[in-house]
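Read through the structure below, which is laid out as structure tokens, and then see the notes.
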Amino acid sequence: MRVEIIGKDIFWRDAVIVEWEHQHPARPLIKDASGFYLIEPSWLEDLRLIASECFSTVIVAPVNPSRRSLFRQFLPAGIDGDS
């Protein structure tokens, strides 16, 4: 399953990754070329819990990533903490 981690800012998004690796070292988050993370579906609730503790959210990524890219064109820069 592909997911997107959206943080309050880049610090908190990175904190989700660090906390996940600390709490679940046997469950690696694999980042794909488009910036999404590949996880086992059974991990989703655990990842969402950790994200909520780090002022972040986890959403399931669309099957067609180009559609999400289209919508991002209409969002102000920096809305997801990257800029």
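What to note about this one:
- Every residue from the stretch 24-54 that is out of contact with any strand residue (DSSP E or B) (no Cβ under 8 Å at 6 or more places or on another chain) and in a helix (DSSP H, G or I): PRO41, SER42, TRP43, GLU45, ASP46, LEU49, ILE50, SER52, GLU53
- Residue that is modelled with the highest pLDDT [pool: residues in the stretch 56-65 that are over 12 Å from the mean Cα position of the chain (by Cα) and surrounded by 13 or more Cβ atoms within 10 Å (Cβ to Cβ)]: PRO62
- Candidates in the stretch 24-47 are the residues that are surrounded by fewer than 12 Cβ atoms within 10 Å (Cβ to Cβ) and in contact (Cβ under 8 Å) with a residue 12 or more places away in the chain; of these, the one that is nearest to the chain's Cα centre (by Cα) is ASP32.
- Any pair with Cβ under 7 angstrom, 6 or more apart, that starts in the stretch 48-63 at a residue that is within 22 Å of ASP32 (Cα to Cα) and ends at one that is part of a loop (DSSP other than H, G, I, E, B): SER56/LYS8; VAL60/MET1; ALA61/PHE36
- Of the residues ARG48, ARG68, the single one that is out of contact with any Leu (no Cβ under 8 Å at 6 or more places or on another chain), at pLDDT below 90 and of a type in the set (Lys, Arg) is ARG68.
- When residues of the stretch 1-23 are limited to those that are hydrophobic (A, V, I, L, M, F, W, C) and in a strand (DSSP E or B), the one surrounded by the fewest Cβ atoms within 10 Å (Cβ to Cβ): ILE6
The values are calculated or read from the model by the stated rules, or taken from the named source; none is laboratory data. Predicted model only: the values in this text are computed from it and were never measured. Note that we place each Cβ from the backbone using ideal geometry, even for glycine, and neighbour counts take in every protein chain shown.
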